[in-house]
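Novice: Next up is a structure, given as structure tokens.
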């Protein structure tokens, strides 16, 4: 019997090409096993063969999401795989997003089962958990020996069309898919048992976790717009030409503050977008689409509001962890307060 | 209040020259039932059919399911204010034909009542696939107005259940269950060391085919009130709703409210079941605010430590469920919710139309969007002409041999949101 | 200080025309009505009835009526209504993604109109009578 053909995806680091300094290498594919592929092959066993390893630098992938995905898809398809495994990416944010993006594309376009692996806090988990089986790993490559066999086990099941059991049994991040089963006791009695534990302050487990409530109550409305000082904050990745602070095109770890003093609109000579999550063509042509300076200046002249701050604050939203996003806010809000900004317009993409 | 519920076990139902119960068999005189039903001029045709567990038989469209009961002593009559005269119920002795059900069947075009299969894969999901069913198939007068037809259909169920229940009056029960809840102060004093637990029963009250009645009062017109748990066992609450077969609380389920039954099992052991709060699920938003405030007030007023909350329906009621949960929990009373889920065809969307962070304890009654196959059946009670239009069906879901695919929300009480069944959903 | 009924149900229009403002378009879908209401709520209108009144799921009934107003006895923040609209729209889209609305015959549509009217009639029977409007 022919062996089941497997393609593996890893980044520049696991391909032993280099670290951050090599993160901009373009997509390539090599026949056979590279790096952690050996552990994958071992986990899959004799019925499977890792026929090729696709590789891409994390920064390159983040900056050229669509092109790189398309290129990698073509390279992978040539090896006619029957199973695709990406990572594991552990807690590496850009690597996780890359694994998720490429795995999802392979599943959709090539119609074969895919598996990846990430640490729970990797932003790729929330981005792709509904689409993919993402094995829960530790937060660093030290966990490779433990996580690769779990990935391989699930990959085998998927390749053979066997029934996949619940997340705690198979070791994947819960995908949020609600599946029916017949419990041993009826719902009313389960509810009573849960209540007894809750009242006794003992641990209990809800059967339907509510969606996350990391919500902020809206601020009170602005009462005096005529004298309000307005600032623009965006997660749309608009930066000065050349991206002087090297804000990442996905999974951002920093934000920037740039002047718009004396400008009546966002000129494409001065600004560009580095955002890796949308088609940049229109915004490259007209950055006002994301930071609507043109309209704001008009409204300012008409006296609709008092004054526009002479700068805007920017970062990239795509793949950015909520932890980083929260930190950005904590970092720049004092500046806004200090400058007596009344209200902020947040634009996203 | 102290209620003795005498159960006469019914293991078979047959037609007979006279209606009677003998050796666990319920014999029904179909002519008498039809005569009773046809007293109402709005009904022009009535047929009685019997369905037994395990038969290759499908019943649809089902409106309501009821258990025959009779009040033997203690005052009042079954279904007070809805069928019989208004009078306090919940005490004394009540008899029921345990294992037998009255099923009302008939077309209401477009209103999508549900399906009961007596065997096959769908039977696993339906509590009434396991009961001996007396099906009353009715046909309304031409051009009968929808409100009138709903009311007429509801009365048919009540009358027939009441009629059959009369034959249990003088029988010796096979089993007697005793339920007792004392006046609040005494009840609290009886088990001073146990946590005081209540039950918030939310009643459908949104309008036509979405109504519920308490002693005959339309639930949308009342404000939250206290009820002795035993009142419900005498028919104080009657279902007047037909939509959403899967999580409709039938009148049978009001008799057999699982939260009340199970709380009584724990009563005096690890908790003190002190009473039931009734509230509604109104469309008028200010009502939601008002009623959830009152629910929270009542819960703390009677000194509850914990409460279980059940809802009926999807969408609008989810808002009430969450408002009640938030306010009651914030009043210092621990809350557990019981409800069913509609996370969409792929199971990936949010299960409820509303949410709140206080809802940290929820028992699931299953995902109503799951599709199963309904094989052909030898016998049909009612009609399947409208399967494709019924809730859970779709254009083209029905095959020539009578089989069809549909979401389990088409099955009566499959995901009933009070925890009556063992069906549940979990995250994958 | 009045009420406005936003609806695609002719029975609702006929019942409330004259008493309240009615915004009616028979070509609107269930979802279109929600979009209309959302836009009005974002401009400051207050929700009086629940946007998903009735437990018919949004892919089961063609008809939808929602009452909005300029005054309510309900103590709520404006964003609560905005959230409720967004949740309702999301839920509606979820059901429609799964299965489209059946193509009902006219007699079935009539029943659904009657139901929709019943939800709103039941609610408005309990509505605060607006000052300045005599009955």
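Just so you know, all these numbers are worked out from the coordinates, no wet-lab data involved. Computed from a predicted structure; not experimentally measured. Cβ: placed from backbone, ideal geometry, glycine included. Neighbour counts: every protein chain shown.
Novice: To make sure I understand, if each residue's beta carbon is the centre and we count other beta carbons within 10 Å, what order do B:9, B:201, A:173, B:256 fall in, fewest to most?
Specialist: By the 10 Å Cβ count, ascending: B:9, B:256, A:173, B:201.
Novice: What is the average number of partner chain Cβ atoms found within 10 Å of a Cβ in A:152-162?
Specialist: So the per-residue partner count for this stretch is 0.
Novice: Using a 7 Å offset from the Cα along the Cα-to-Cβ direction at both residue A:142 and residue A:225, what is the distance between the two label points in nm, to one decimal?
Specialist: 5.6
Novice: Can you tell me the alpha carbon radius of gyration of the range B:105-165 divided by the globular rule-of-thumb value 2.2 N^0.38 Å?
Specialist: Output field value: 1.30.
Novice: Mind putting together the pair-distance distribution for the range C:3-127? All Cα pairs, 10 Å bins, whole percent per bin, short to long.
Specialist: Cα pair-distance distribution for the range C:3-127, in percent: 13, 48, 33, 6, 0.
Novice: Sticking with this one: How high is the FRET efficiency between residue A:46 and residue B:371 when r is their beta carbon distance and R₀ equals 56 Å, given to the nearest 0.05?
Specialist: Efficiency, rounded to the nearest 0.05: 0.90.
Novice: With a/c under 1.5 counting as rounded, go ahead and sort the range A:247-349 into rounded, prolate or oblate using the C-alpha gyration tensor (a ≥ b ≥ c being the square roots of the eigenvalues; past the cut-off, prolate if a/b is larger than b/c, else oblate).
Specialist: Oblate is the answer for the range A:247-349, as a/c is 1.5 or above yet b/c matches or exceeds a/b.
Novice: Tilt of helix A:65-78 relative to the longest C-alpha principal axis of chain A, in degrees (0 to 90, nearest 10)?
Specialist: Result, in degrees: 20.
Novice: Sticking with this one: Based only on other Cβ atoms within 10 Å, what is the fewest-to-most ordering of B:63, A:268, B:35?
Specialist: With the sparsest Cβ surroundings first, the list reads B:35, A:268, B:63.
Novice: Something else about it: Per-residue mean of other chain beta-carbon atoms within 10 angstrom of the beta-carbon, peptide A:202-208?
Specialist: 6
Novice: Using a Gaussian network model of chain A whose springs link C-alpha atoms within less than 10 Å, name the residue from A:44, A:196, A:299 with the highest mean-square fluctuation.
Specialist: A:196
Novice: So if I average 1/r over every pair of distinct C-alpha atoms in the range A:90-152 and take the inverse, what Kirkwood radius in Å does that give?
Specialist: Result for the range A:90-152, one decimal place: 11.5 Å.
Novice: Continuing with the same structure: Quick one: what does P(r) look like for the protein assembly as shown with 10 Å bins over all Cα pairs, in whole %?
Specialist: Per 10 Å bin, starting at 0, the Cα pair percentages come out as 2, 11, 18, 20, 19, 14, 9, 5, 1, 0.
Novice: Residue A:285 to residue A:108: extension gain in nm, 0.36 nm per residue of separation minus the Cα-Cα distance?
Specialist: Residue separation times 0.36 nm, minus the Cα-Cα distance, leaves 60.6 nm.
Novice: Springs between alpha-carbon atoms under 10 Å, Gaussian network over chain B: tell me which of B:363, B:244, B:413 tops the mean-square fluctuations.
Specialist: Of the options given, B:363 has the highest mean-square fluctuation.
Novice: Round to a whole angstrom and tell me the spacing of the C-alpha centers of the range B:158-185 and the range A:201-222.
Specialist: Centre-to-centre (Cα) distance: 44 Å.
Novice: According to the Cα gyration tensor, what semi-axes, each the square root of 5 times an eigenvalue, does the equivalent ellipsoid of chain A have, listed from largest to smallest in whole Å?
Specialist: 42, 30, 15
Novice: With a Förster radius of 25 Å, plug the Cβ-Cβ distance of residue B:14 and residue B:379 into 1/(1 + (r/R0)^6) and report the FRET value to the nearest 0.05.
Specialist: After rounding, the FRET efficiency stands at 0.95.
Novice: Kindly put B:46, B:57 in sequence by how many other C-beta atoms sit within 10 Å of each C-beta, fewest to most.
Specialist: By the 10 Å Cβ count, ascending, the order reads B:46, B:57.
Novice: Mind telling me which of C:35, C:24, C:104 comes out most flexible in a GNM of chain C, alpha-carbon contacts under 10 Å?
Specialist: Comparing C:35, C:24, C:104 in a Gaussian network model of chain C, the most mobile one is C:104.
Novice: Classify the range B:41-167: rounded, prolate or oblate, from the alpha-carbon gyration tensor (a ≥ b ≥ c, eigenvalue square roots; a/c under 1.5 rounded; otherwise prolate if a/b is larger than b/c)?
Specialist: It comes out oblate by the Cα gyration axes.
Novice: Follow-up. Helix-derived [θ] at 222 nm for the protein assembly as shown: sum -39500 (n - 2.57) over DSSP H runs of at least 4, divide by residue count, nearest 500?
Specialist: Roughly -9000 deg cm²/dmol at 222 nm, from the helical runs in the protein assembly as shown.
Novice: When DSSP beta bridges are limited to those with both residues in the protein assembly as shown, what percentage is antiparallel, rounded to the nearest 5?
Specialist: Restricted to the protein assembly as shown, the bridges split so that about 45 percent are antiparallel.
Novice: Using only the alpha-carbon atoms, how far is helix C:30-42 inclined from the longest principal axis of chain C? Give it as 0 to 90 degrees, nearest 10.
Specialist: 30
Novice: Would you mind checking the tilt of helix C:78-98 against the longest principal axis of the Cα atoms of chain C, expressed as 0 to 90 degrees and rounded to 10?
Specialist: It is inclined by approximately 10 degrees.
Novice: Here is a further query. Sort the range B:324-428 into rounded, prolate or oblate with this rule: let a ≥ b ≥ c be the square roots of the eigenvalues of the Cα gyration tensor; rounded if a/c is under 1.5, and if a/c is not under 1.5, prolate when a/b is larger than b/c, oblate otherwise.
Specialist: Note, shape of the range B:324-428 comes out prolate.
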